[in-house]
Amino acid sequence: MRLLVISDTHGYLGSARRAIAELGPWDQIVHLGDSLLDAVALAVEVGIDVVAVRGNNEFPGGEESADVLVFAAAGVQFYAVHGHLQDFNGYDAPERQEQSHRELARRAREAGASVALFGHTHQPLLRELEGVLVLNPGGMSLGDQVRTCAAVEVDGPGRVRARIVTVDRA
């Protein structure tokens, strides 16, 4: 199963559309917030299952989504958040970031997940912490200097491969 993980599109879908077209095919898109309206638009446009969590810059309009989402893909449990409620800040000192990543990994483990996803900082991250793969796909919005997403392949329980991908501006 192939998942495209994106975050922080902020109303700009050009790079997300490019990632879908050029890096696919995809079985599912995971949008980690900022903007749920973008997640809905992508689901309608491309006809691929989209799951999403609410970010801190959501526009009013009655979008229904959770702040925390636990879901399964090909037998692997994922734990997804935007990151603002967990007080993630890409400008924090390295030791504070480390503490936040460890806390996210702990919460994911408690939820039975082996992969923890977050956005919010617009800074890509891919690392393993205490048996949990921690992944931030980075940002894809108009203001991001480098637009990134993550390609995740799940081949069954315990078999997850992920990589950060830079997407050309669209």
Next on the checklist: Condition first: in contact with a helix residue (DSSP H, G or I) (Cβ under 7 Å, 6 or more places away or on another chain), under 25 Å from PRO157 (Cβ atoms), in contact (Cβ under 8 Å) with a residue 40 or more places away in the chain and in a loop (DSSP other than H, G, I, E, B). Now tell me which residues in segment 1-39 satisfy that.
Outcome noted: none
Checklist entry - Looking at this structure, is ALA162 aliphatic (A, V, I, L, M) and surrounded by fewer than 22 Cβ atoms within 10 Å (Cβ to Cβ)? => result yes
Checklist outcome for this item: Only unsatisfied item for ASP155, checking (1) modelled with pLDDT of 90 or more; (2) under 22 Å from LEU23 (Cβ atoms); (3) in contact with a Phe, Trp or Tyr (Cβ under 6 Å, 6 or more places away or on another chain), is (3)
Checklist entry - Is it the case that segment 86-96 has a residue that's under 18 Å from VAL30 (Cα atoms), crowded, with 21+ Cβ neighbours inside 10 Å and without any contact (Cβ under 8 Å) to a residue 40 or more places away in the chain? => result no
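The values are calculated or read from the model by the stated rules, or taken from the named source; none is laboratory data. What you see is a predicted model, and the numbers here were worked out from it, not measured in a lab. With ideal geometry, Cβ positions are generated from the backbone for all residues, glycine too; neighbour counts draw on all protein chains shown.
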